[in-house]
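The values are calculated or read from the model by the stated rules, or taken from the named source; none is laboratory data. This is a predicted model, so every value here is computed, not measured. Using ideal geometry, Cβ is built from the backbone for each residue, glycine included, and neighbour counts are taken over all protein chains shown. Accessible surface is based on the protein model in full, side chains and every heavy atom, while ligands, DNA and RNA are left aside. Shrake-Rupley method; radii C 1.70, N 1.55, O 1.52, S 1.80 Å.
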Amino acid sequence: MAITRFAPSPTGYLHIGGLRTALYNYLWARKTGGEFKLRIEDTDMARNSEDALKAILQAFEWVGLDYDGEVEYQSKRMDIYKGYIQKLLDEDKAYYCYMSKEELDALRESQTAAGLTPRYDGRYRDFKGTPPSDISPVIRIKAPQEGEICFIDGVKSDMVFSCDQVDDFIIARSDGTPIYNFVVVIDDHLMGITEVLRGDDHLTNTAKQIVIYEALGFNVPKFYHIPMINNPEGKKLSKRDGATDVMEYKNLGYLPEALLNFLVRLGWSHGDQEIFSMEEMLTLFDPNNINKSSSCYNAEKLLWLNAHYIKNKPNQELAEILKFYDCEIHGHDKVEMILDLCKERAGTMLELKNSIELIINTPSSYDETGVNKFINEDIVKILEIYAKMIMDYEGELHLACDYETITKPFIAQYALKMPQLFQPIRLALTGSTQAPSVYDIMAILGKNEVLKRIYTAIEKKFS
Ligand code: GLU
């Protein structure tokens, strides 16, 4: 039973890398019958923002990852942290350091000049004298001075940090506020977190956090450090590679299930399976199978997954989601037919909206490139004859196949190639050459509307 958490800092929107971390923690907690908690790491007052917090909570709601209990806010827990800092001071496991900025700079410089990695030299570790009166001290932890800090990472196996890589680092600033690594440990302990899945950019933090766990006598949780998501050039994913803000994916017309499916595969696999429903993710996901190497963002794969989920979504749900994109289709009497047709070829909800609107709205203009390519006097004459044929036809004209039945002989009679007739009809009916199947559109529009749109286009000379 894993108790996991996601712990974003509200300094910006929720990044898709963050959502992947949240998803993995969520899946593992739910799969094992444990708990998934949300903690807002808002101790950096200068960089926190209310908007960022809202964006994070909103993104969670959109993707439907539910968390257990109340959201924890670090900013409300300062007294708890200070209590633990005092405990370490009382037990002589932490100490005040009165080094001035100048002294620190000088130390760093001399170490760098000697080719050493800068590290605190422990000069106040066992200080018993009278401290300088003009310095507000920071608080440092007594880190082990020799040996190794080791842990078994669920992704990276044995991790070993030599103690000379970790100095007596600061746990509280001179104003008494605790630093990031300290509060994370206290919270993870008090929240009962048993497993921590997070980006591998936190690996060195983990070594420091283990020093704190040990000083406080807390159980160390199991860690899984997830390799980063890179762009196709192998560099860290950034804004330049497209959207990175989770909510921007919503605006671009992605479905949350497609995004989650995409993210679960960015760093984890199950054979060569690509499509995972939430149920399957919950059954199959195991953090012990997270890939050891970084993953590569693939925009085409995401689009392909999105198309899959749109195609397989019930029409009523699609109609509901379309409202967000200002596409109101509920009241339309052919809503089922329209969605059945349009969802087959939509990569995003915006594309779906676009093809729906091509059908339900009378064209206000005609695509110029299409007109130049497909419309000429001869074809306008053919269109007139075609429209007349439809008008005079006395049989049933309800289904796509009815239109096909009368159109096929017409094409043969005038020795036309399919696009020669279909593209002009498509242009006349929708204003575009990109619309779905002509027969289906005609069946949706009905005979009267088809004739009206064809005659209007002819009258307006497709302009
Ligand atoms: N607040 C940290 C971040 O946003 C996460 C810390 C953690 O998962 O331990 O990167």
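Just checking, does the range 285-293 include any residue being in contact with a Pro (Cβ under 9 Å, 6 or more places away or on another chain) and surrounded by 16 or more Cβ atoms within 10 Å (Cβ to Cβ)? Checked against the condition, which is being in contact with a Pro (Cβ under 9 Å, 6 or more places away or on another chain) and surrounded by 16 or more Cβ atoms within 10 Å (Cβ to Cβ), the range 285-293 yields at least one hit. Of the residues contained in the range 238-249, none is found to be in contact with a strand residue (DSSP E or B) (Cβ under 9 Å, 6 or more places away or on another chain), on the phi > 0 side of the Ramachandran plot and away from the ligand (no atom under 14 Å from the Cβ).
Of all the listed residues (E91, E146), the sole one being among the acidic types (D, E), modelled with pLDDT of 95 or more, open to solvent by 30 Å² or more (accessible area, probe 1.4 Å) and more than 30 Å from A22 (Cα to Cα) is E91. Considering every residue within the range 206-213, establish whether at least one is over 26 Å from the mean Cα position of the chain (by Cα), under 26 Å from V71 (Cα atoms) and of a type in the set (K, R). Scanning the range 206-213, I find at least one residue that is over 26 Å from the mean Cα position of the chain (by Cα), under 26 Å from V71 (Cα atoms) and of a type in the set (K, R), so the answer is yes. Can you tell me which residue in the range 22-53 is nearest to the ligand (Cβ to nearest atom), limited to those that are closer than 24 Å to N261 by Cα, among the charged types (D, E, K, R) and surrounded by fewer than 21 Cβ atoms within 10 Å (Cβ to Cβ)? Filtering first and then ranking leaves E35. Within the range 151-168, the set of residues being open to solvent by 10 Å² or more (accessible area, probe 1.4 Å) and either part of a helix (DSSP H, G or I) or of a type in the set (F, W, Y) (or both) comprises F151, F161, D164, Q165. Of the residues E35, E41, E61, E70, the single one that is more than 25 Å from M278 (Cα to Cα) and modelled with pLDDT of 90 or more is E41. Taken across the range 215-222, residues that are in contact (Cβ under 8 Å) with a residue 24 or more places away in the chain, among the basic types (K, R) and either in contact with a Lys or Arg (Cβ under 7 Å, 6 or more places away or on another chain) or not in a loop (DSSP other than H, G, I, E, B) (or both) do occur, with at least one present.
The combined condition, being within 16 Å of the ligand (Cβ to nearest atom), without any contact (Cβ under 8 Å) to a residue 40 or more places away in the chain and over 24 Å from the mean Cα position of the chain (by Cα), is not fulfilled by S100.
Conditions tested, residue by residue: (1) touching a residue at least 40 places away in the same chain (Cβ under 8 Å); (2) touching a Ser or Thr at 6+ places or on another chain (Cβ under 7 Å).
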site	(1), (2)
L302	yes, no
A307	yes, no
L322	no, no
V335	no, no
I338	yes, no
G370	yes, yes
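Residue pairs whose Cβ atoms lie under 9 Å apart, separated by 6 or more positions or on different chains, with the first residue in the range 1-14 and of a type in the set (S, T, N, Q) and the second near the ligand (Cβ under 8 Å from one of its atoms) and open to solvent by 20 Å² or more (accessible area, probe 1.4 Å), are S9/Y180.
Do we find that A215 is among the small types (G, A, S), open to solvent by less than 50 Å² (accessible area, probe 1.4 Å), over 30 Å from E351 (Cβ atoms) and more than 13 Å from the ligand (Cβ to nearest atom) in this structure? So A215 fits the description; yes.
Being within 24 Å of K236 (Cβ to Cβ), surrounded by 19 or more Cβ atoms within 10 Å (Cβ to Cβ) and more than 12 Å from the ligand (Cβ to nearest atom) is true for just one of I56, I16. Which residue is that? Spell out the reasoning first.
On the way: I56 fails: more than 12 Å from the ligand (Cβ to nearest atom).
Just one listed residue meets the conditions, I16.
The residue that is modelled with the lowest pLDDT, among those in the range 395-438 that are open to solvent by 80 Å² or more (accessible area, probe 1.4 Å) and in a helix (DSSP H, G or I), is M418.
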